[in-house]
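The next block holds one structure in the form of structure tokens; read it before the comments.
Taken together, the values in this text are just the output of simple stated rules run on the coordinates, not laboratory data. Nothing here was measured: the structure is a model prediction, and the numbers come from that model. Note that we place each Cβ from the backbone using ideal geometry, even for glycine, and neighbour counts take in every protein chain shown.
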Amino acid sequence: MSGKPIHITAFDLERLQKLILDAQSTEYRKSEYLENLRTELNRAIIVKPQEIPPTVVTMNSTIELVDMDTSEEEVYTLVFPENADISKGKISILAPIGTAMLGYEIGDVFEWDVPAGKRRLRVGRIIYQPEASGNFDL
């Protein structure tokens with residue numbers, strides 16, 4: 001994660017804050033993943049869902065990421081934890097890559113820590129963004 005400002009819709013912010021609050025009463029309350037998400041939300045620029053550019057990764061967006069070292073392309077949908085299913089490419093917002101990609105735009109490069117070091121990915125394209133499709137409460 002970097003210092004570049006990210007954009008998040010007010011609707012996503014509300015749901016993500018609730019996720020963090022609800023997790024405080026579970027075994028995840030001290031999770032570094034929750035803290036990472038909280039940090040990202042604190043630095044975000046909040047916009048109305050109708051005003052988010054169609055080039056920004058929002059919740060429930062399907063995006064193509066390009067590995068900066070291998071040029072390999074990967075497609076993921078960013079979802080809430082209860083909808084995560086890696087076999088279907090559905091990545092939880094609480095997974096390190098999920099938290100890392102939230103709010104970035106096409107062309108942006110972000111990185112996150114993996115056991116072998118750092119991984120750098122570029123947002124190649126947005127295949128589906130709910131807000132761009134007129135779904136402001138998905």
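With a cut-off of 8 Å between alpha carbons and a minimum separation of six or more residues, what is the relative contact order of segment 7-133 in percent?
Once divided by the residue count of segment 7-133, the mean separation gives 28 percent.
Give the cross-link partners of LYS88 among the lysines, using a straight C-alpha distance below 26 Å as the criterion and excluding same-chain residues fewer than 8 apart.
In chain and number order, the partners are LYS18, LYS118.
I'd like the antiparallel share, as a percent to the nearest 5, of DSSP beta bridges with both residues in the chain.
Just about 75 percent of them are antiparallel.
Of VAL56, LEU41, ALA100, which is farthest along the charge dipole of the chain in the positive direction, counting Lys and Arg as +1 and Asp and Glu as -1 at C-beta?
LEU41
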